[in-house]
Amino acid sequence: MNQHFEKAAKTYGEDFQKLLGWHLCFGIVVSDVDSFCLGFFSQEDSPEEACEFHHCDTLFVTMCVGDMRKALGKFLDDFKYIAFRREFKNLPRIRSYDIQQFYSKLK
C-alpha cells in the first residue's frame with residue numbers, strides 16, 4: 001500500500017472512505033509513490049464550493065500527504081489559484097493564493 005495513502009486513511013479514520021469516494025466521483029485524486037492528495041474544482045470567490053471543471057479557476061486542496069510540490073506540479077497549467085482550509089489559532093480559515101506563486105515557495 002502507498003505509505004501516503006495509508007497515513008491519510010489513518011488520519012481520517014471512518015470518514016476516509018466517504019471522502020475518497022466523493023473525490024473519485026467529483027474531484028481529483030493523486031496517488032503516486034511521492035504523495036497522496038485530494039482536491040476539487042472551485043472558483044476564487046467561493047473556493048469551498050465545488051464546481052464543474054469548465055467553470056473553475058481554483059484548485060481546492062482537501063488534503064495532501066507527502067511531496068506537495070510534486071503533486072501540485074501536475075496542475076500548474078490548469079488553475080490560476082490554489083485554496084485550502086487551515087487551522088490558525090484554533091479557527092478554521094480558507095487560504096487562497098496564486099498557484100504559481102504558492103508553488104514557487106514550496107521546497
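The values are calculated or read from the model by the stated rules, or taken from the named source; none is laboratory data. The structure presented is a predicted model; accordingly, all values stated were derived computationally and were not measured. Positions of Cβ are generated from backbone atoms using ideal geometry, with glycine treated the same way; all protein chains shown enter the neighbour counts.
Under 8 Å by Cβ, and 6 or more places apart or on different chains, what pairs join a residue from the range 49-61 that is farther than 19 Å from Y103 by Cα with one that is part of a strand (DSSP E or B) and hydrophobic (A, V, I, L, M, F, W, C)?
Sorted first by the residue in the range 49-61, then by its partner, the pairs are A50/F40; A50/F41; A50/F60; C51/F41; E52/F41; F53/F41; H55/F41.
Need the failing condition index for G66 against (1) surrounded by fewer than 19 Cβ atoms within 10 Å (Cβ to Cβ); (2) on the phi > 0 side of the Ramachandran plot, just the number.
Unmet for G66, out of (1) surrounded by fewer than 19 Cβ atoms within 10 Å (Cβ to Cβ); (2) on the phi > 0 side of the Ramachandran plot: (1).
So in the range 1-59, with the set limited to residues that are assigned to a loop (DSSP other than H, G, I, E, B) and of a type in the set (A, V, I, L, M, F, W, C), which one is nearest to the chain's Cα centre (by Cα)?
Applying the first criterion (assigned to a loop (DSSP other than H, G, I, E, B)) to the range 1-59 yields 1-2, 27, 32-34, 44-45, 47-52, 56-57.
Subsequent filtering for residues that are of a type in the set (A, V, I, L, M, F, W, C) retains 1, 33, 50-51, 56.
On the way: M1: 21, V33: 17, A50: 12, C51: 14, C56: 14 Å.
Going through the qualifying residues, I end up with A50.
Which condition number in (1) among the small types (G, A, S); (2) at pLDDT below 95; (3) under 10 Å from the mean Cα position of the chain (by Cα) is the one that G66 fails?
The one condition G66 does not meet is (3).
Hey, can you tell me all the residues within the range 69-93 that are at pLDDT below 95 and aliphatic (A, V, I, L, M)?
The answer is A71, L72, L76, L91.
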